[in-house]
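The values are calculated or read from the model by the stated rules, or taken from the named source; none is laboratory data. Not measured: the values here are computed from a predicted model. For neighbour counting, all protein chains shown are included, and Cβ atoms are generated from backbone atoms with ideal geometry for every residue, glycine included.
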Amino acid sequence: MAGLKALGGTSDILPDEAAAWQALEEKARRVLRRYGYQEIRTPLIEEAAVFTRSLGEAAEIVTKQMYLFEDRGGRSVALRPEGTASVVRAFIEHGLDRTASVSRFYYAGPMFRAERPQAGRRRQFHQLGVEVFGSASPYQDVEVLCLLRRLLEGWGLSGWALKVNSLGCREDRRRMVDQVRRQMSPHRAKLCHDCQERLEKNPLRILDCKEKGCIQLSQAVDLLESVCPTCREHFEQVTRTLQALQVPFQRDAHLVRGLEYYTRTAFEVIHSGLGAHNALGGGGRYDDLVEQMGGAAVPATGFAVGLERVLLALESEQGKPPAARPWDAFVATVSPAQIGEALALAESLRQEEVRVFANVEDRPLRRQLEQASKWMPDGFVFILGEEEVAKGIVTVRNLSTGKQEQVRHSELARWIKGR
Ligand code: HAM
C-alpha cells in the first residue's frame, strides 16, 4: 500500500514538537489553577444541532466549514468546530445551569473546520478555551481578559495586541445589521463577491473581510452607534477597568466575530508575527446562548486561543526551540553477557527518576558509543563489562570530554543528578 498520508490540513505532532505542546499546556494549567478554572472534556463529535442551534445558521463556520455527516444510525453528527457550544450543551445536560454559583471551565483539544489549509489555518487545530457561567458583570469580562493576558505572558509572548468592542444586546445587533446594510448598500459594487452575498445574509461579517476594498468601506462603520445606553455603559465599565488594571488594549469599533452567539463585550488578540491569519485568539460574552440552547437564562463569557498559532507566534519571537533530549544517560555493554545487568541497572536508576536508555542489542561497544554521542553529545555512558559487573561498579564515560571514571552502582543516581 503506497503513499498513505495525513489528510490535508491535519498534522502529526512528532516527538520533537510534542515537548513544546506539553510545555504550552503545562504553563497554561499553572495559570488557570490560580484563577480557579477546572478542566472539562467534551466529546469531539456531537449531534449537529449543538452547533447549528448555537453558532448561527448563517455563520460560515456552519454553512461552509463544519464536518457534517450522517452516522450509521442515520443521525446528523458533526466534528466540533469550536468548544463553547459543547461546553454549554454539557453545562445544561448536567443541570449545572440550575446551581447558583459561578462555574469556570477550561478545555484544550482538537477542533475541526473544513477550511482551505494555509499557514496558521488548519482543518484540525487545537484550542485552549475557557468559559465562565453565572456572571453578567462587566468586571467578569475584565477578569477573563486579565486571565488571557497572563496566559500570553506565561507562554512568553510579547508581540500581541488586544482589541475589544461591544456587540450590544439582541436588539442592538438587529440595529447593527441594519446599520451595516444601510452604510454598505450604496457601495455594493465595491464589495468583493463574497461580501455582496454577505450583504443579504450576514452583513456584519463584511467587517471581518480581508479584501482591500471591503476593509476600506468598513473603516467608516462605528458599531457603537447601534449600541443601547445600558450595553454602552457595560462596555465603558469594561474599558475603564482594563485601563485601571493596566491591561493593554485598543478599542476597535469594527470588530465582529465569526460566531453569532456574542452579546456585549467581544474581543480578539492578534499577533504581529502571524501573517494573514493573525488572530491568536478571540472571545466575548454570550448572555443568551444557554437559554437559546434550552437551559436557564445564565449569562456567560469566555475565549479560546489557537495553540498552533501560539507556537507560530513564539517561533517568530524566539526561533525554534531546541529539541529536548529524552535521556540523561546511556547504559552500554561490553558483551551481550551484560545485557541482563544493564537492564537491571537501568530499572533501578529509573526508580530514582534518572532517564536512561539501556542497550538491549548484541552489538559492539564502539557502535553503542557512536549512537550515544549522536543522541546526547554532552551526555554520559555507563559501561558495563565483566569486571564492572563483578565489582558492582560502572565505568562512566563523559561524551563531551572523553574522560572516564568508575562509580559504584549505589552511588550512580546521586552522581548523575549532581552533573
Ligand atoms: P474563534 O475565533 O472561532 O472562536 O477561534 C478562536 C481561535 O482559534 C482563533 O483566534 C484561532 O487562533 C484559532 N483558530 C480558529 N480556526 C482555526 C484554524 N482553521 N486553524 C488554526 N487555528 C484556528 C471560537 O472558537 C470561540 N469558541 C471562542 C470563545 C470561547 N468564545 C467564547 N468562549
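Looking at segment 113-137, I want the residues that are farther than 14 Å from Gly281 by Cα and more than 9 Å from the ligand (Cβ to nearest atom) and have a partner that is assigned to a strand (DSSP E or B) and of a type in the set (A, V, I, L, M) with Cβ atoms under 6 Å, at least 6 apart or on another chain. Which pairs are those?
Phe133/Ala300
From the list Ala20, Ala58, Ala78, Ala49, which residue is among the aliphatic types (A, V, I, L, M) and either within 26 Å of Gly134 (Cα to Cα) or outside the structural domain of Glu143 (by TED's automatic domain parsing) (or both)? I'd like the intermediate steps shown before the answer.
Values: Ala20 fails: either within 26 Å of Gly134 (Cα to Cα) or outside the structural domain of Glu143 (by TED's automatic domain parsing) (or both); Ala58 fails: either within 26 Å of Gly134 (Cα to Cα) or outside the structural domain of Glu143 (by TED's automatic domain parsing) (or both); Ala78 fails: either within 26 Å of Gly134 (Cα to Cα) or outside the structural domain of Glu143 (by TED's automatic domain parsing) (or both).
Exactly one of Ala20, Ala58, Ala78, Ala49 is among the aliphatic types (A, V, I, L, M) and either within 26 Å of Gly134 (Cα to Cα) or outside the structural domain of Glu143 (by TED's automatic domain parsing) (or both), namely Ala49.
When you look at Glu341, is it loosely packed, with under 12 Cβ neighbours inside 10 Å and over 22 Å from Glu17 (Cα atoms), yes or no? Spell out the reasoning first.
Values: loosely packed, with under 12 Cβ neighbours inside 10 Å: no; over 22 Å from Glu17 (Cα atoms): yes.
Taking the combined requirement at face value, the residue does not satisfy it.
Please verify whether segment 176-187 includes one or more residues that are in a loop (DSSP other than H, G, I, E, B) and more than 16 Å from the ligand (Cβ to nearest atom). Lay out the reasoning, then the answer.
If we filter segment 176-187 for residues that are in a loop (DSSP other than H, G, I, E, B), which is where we start, we get none.
No, the conditions are met nowhere in segment 176-187.
Looking only at segment 215-249, filter to residues that are in a helix (DSSP H, G or I) and β-branched (Val, Ile, Thr); which one of those is surrounded by the fewest Cβ atoms within 10 Å (Cβ to Cβ)? Break it down stepwise before answering.
As a first pass, look at segment 215-249 and keep what is in a helix (DSSP H, G or I): 215-218, 223-226, 229-244.
From the residues that got through so far, the ones that are β-branched (Val, Ile, Thr) too are 215, 230, 238-239, 241.
Numbers: Ile215: 14, Thr230: 12, Val238: 24, Thr239: 17, Thr241: 17.
Among those that are in a helix (DSSP H, G or I) and β-branched (Val, Ile, Thr), it is Thr230.
Check whether at least one residue in segment 9-28 is surrounded by 14 or more Cβ atoms within 10 Å (Cβ to Cβ), closer than 30 Å to Ala136 by Cβ and in contact (Cβ under 8 Å) with a residue 40 or more places away in the chain, and report yes or no.
Checked segment 9-28: at least one residue is surrounded by 14 or more Cβ atoms within 10 Å (Cβ to Cβ), closer than 30 Å to Ala136 by Cβ and in contact (Cβ under 8 Å) with a residue 40 or more places away in the chain.
Please pick out the residue among Leu167, Leu191, Leu128, Leu148 that is at pLDDT below 95, under 27 Å from Met66 (Cβ atoms) and buried (at least 17 other Cβ atoms within 10 Å of the Cβ).
On the way: Leu167 fails: at pLDDT below 95; Leu128 fails: at pLDDT below 95; Leu148 fails: at pLDDT below 95.
Criteria check complete, one pass: Leu191.
All but one of (1) modelled with pLDDT of 95 or more; (2) out of contact with any Cys (no Cβ under 8 Å at 6 or more places or on another chain); (3) within 16 Å of the ligand (Cβ to nearest atom) hold for Thr263; state the number of the condition that does not hold.
Thr263 satisfies all of (1) modelled with pLDDT of 95 or more; (2) out of contact with any Cys (no Cβ under 8 Å at 6 or more places or on another chain); (3) within 16 Å of the ligand (Cβ to nearest atom) except (2).
For residues in segment 102-159 being within 17 Å of the chain's Cα centre (by Cα) and of a type in the set (Phe, Trp, Tyr), which is farthest from Ala23 (Cα to Cα)?
The selected residue is Phe112.
Step by step: first the residues of segment 299-317, then only those that are touching a Leu at 6+ places or on another chain (Cβ under 9 Å) and more than 12 Å from the ligand (Cβ to nearest atom), then the one that is farthest from Phe51 (Cα to Cα). Which residue is that? If you could, list the steps in order and put the result at the bottom.
Residues of segment 299-317 touching a Leu at 6+ places or on another chain (Cβ under 9 Å): 300, 303-307, 309-314, 316-317.
From what's left, more than 12 Å from the ligand (Cβ to nearest atom): 314, 316-317.
Working: Leu314: 31, Ser316: 34, Glu317: 36 Å.
Going through the qualifying residues, I end up with Glu317.
How many of the residues making up segment 389-408 are assigned to a helix (DSSP H, G or I) and either loosely packed, with under 12 Cβ neighbours inside 10 Å or out of contact with any helix residue (DSSP H, G or I) (no Cβ under 8 Å at 6 or more places or on another chain) (or both)?
Kept after step one, since they are assigned to a helix (DSSP H, G or I), are these residues of segment 389-408: 389-391.
Right, trim to either loosely packed, with under 12 Cβ neighbours inside 10 Å or out of contact with any helix residue (DSSP H, G or I) (no Cβ under 8 Å at 6 or more places or on another chain) (or both) and you get 390-391.
Going through segment 389-408 one residue at a time, the tally reaches 2.
When you look at Glu57, is it over 22 Å from Gly306 (Cα atoms), out of contact with any Asp or Glu (no Cβ under 7 Å at 6 or more places or on another chain), acidic (Asp, Glu) and modelled with pLDDT of 95 or more, yes or no? Full working, then the answer.
Values: over 22 Å from Gly306 (Cα atoms): yes; out of contact with any Asp or Glu (no Cβ under 7 Å at 6 or more places or on another chain): yes; acidic (Asp, Glu): yes; modelled with pLDDT of 95 or more: no.
So Glu57 fails the test.
Against the condition under 14 Å from Arg181 (Cα atoms) and either at pLDDT 95 or above or among the aliphatic types (A, V, I, L, M) (or both), how does Ala244 come out, does it pass? Give the steps one after another, and end with the answer.
Details: under 14 Å from Arg181 (Cα atoms): no; either at pLDDT 95 or above or among the aliphatic types (A, V, I, L, M) (or both): yes.
Answer is no for this residue.
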